[in-house]
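Here, each number is a calculation from the coordinates, and none is a lab measurement. Note that the structure is predicted; figures quoted are calculated from it, not measured. Ideal geometry is used to build each Cβ from the backbone, glycine not excepted, and the neighbour counts take in all protein chains shown.
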Amino acid sequence: MKTVVLGDTHGRSNWKLAIYQEESIDRVIFIGDYFDSFELSAVEQIHNFKEIINYKEKNPQVEVVLLIGNHDAPYFPEFNDTAISGYQHRMAPSISQVIDENRHHLQMAYSFDNFLFTHAGVSPTFMDGEFGPEGWVKENVVRDLNDLWKYKPNSFEFNGSDPHGDNTYQTPIWIRPKSLMSVNKKHEKGLKKDYIQVVGHTTMRKLDLIGSDKFTGGRYYFVDTMETSGDYLIIEDNKLRTNSVK
């Protein structure tokens, strides 16, 4: 089973090169953030998002997972928080329309084997705040997060006073790596032993598998590198490697 994990696209089309150069793909996971670019027009971003949707619809033999990022959520009609860098006020109605038309393709969390995928990462402190310390179990994290998004999407709005979202109770589309790793290590119901978390959101110069093994115990992989090195993650037979579109 071969899985390709693609980081934040922000309207860029280099994801196509990754799909083109990989053979026998069984699953593709987009980590979210399809919109808000300082380089590409909103029209280009919308077109690219539609092409991602088209790829999913035209390739039923491939499981295509589209996660929601912090630059996507504000364009959902029922989401209140639009105070985000790069938010495109003038084109927001058009972006909201295309997102609303395709919301059935989008989800907050996904997992297979012991890999957990969200845009920024899952903090047990956030889970405690939404469900109560006794109201959630590790095995149902994906189900609970997807249901929470469906019935209470505003739960994922920016949480806390740190301007970069670097706090342990931040939401799964906003939390930063330092807080994500520290809370899962210290919290009584930390997810470190149960899941390998694969996330985007925080731009990295390269997708560093060796560094992740050394400094994070191989439990966290940060894939927001499509804009920098062009690296993306491949998981095959429970082994991880990288490739690049640059």
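Residue count for region 132-155 under the criterion of being farther than 21 Å from ALA83 by Cβ and surrounded by fewer than 17 Cβ atoms within 10 Å (Cβ to Cβ): the result is 13.
Could you tell me whether ILE29 is in a helix (DSSP H, G or I), within 18 Å of the chain's Cα centre (by Cα) and closer than 20 Å to ALA109 by Cα? Steps first, answer last, please.
Working: in a helix (DSSP H, G or I): no; within 18 Å of the chain's Cα centre (by Cα): yes; closer than 20 Å to ALA109 by Cα: yes.
No: the conditions fail for ILE29.
Name the single residue, out of those in region 23-45 being aromatic (Phe, Trp, Tyr) and touching a helix residue (DSSP H, G or I) at 6+ places or on another chain (Cβ under 8 Å), that is farthest from ARG90 (Cα to Cα). Step by step, filter region 23-45, then rank; the result is PHE30.
Restricting region 172-187 to residues that are touching a residue at least 60 places away in the same chain (Cβ under 8 Å) and not aromatic (Phe, Trp, Tyr) leaves a set whose member that is surrounded by the most Cβ atoms within 10 Å (Cβ to Cβ) is PRO172. Confirm whether PHE35 is in contact (Cβ under 8 Å) with a residue 60 or more places away in the chain, surrounded by fewer than 19 Cβ atoms within 10 Å (Cβ to Cβ), under 25 Å from GLY160 (Cβ atoms) and within 20 Å of the chain's Cα centre (by Cα). Judged against the criteria, PHE35 is not a match.
Give me the residue from region 8-22 that is within 18 Å of the chain's Cα centre (by Cα) and not in a helix (DSSP H, G or I) and, out of that set, surrounded by the fewest Cβ atoms within 10 Å (Cβ to Cβ). Ranking the qualifying residues of region 8-22, first place goes to SER13.
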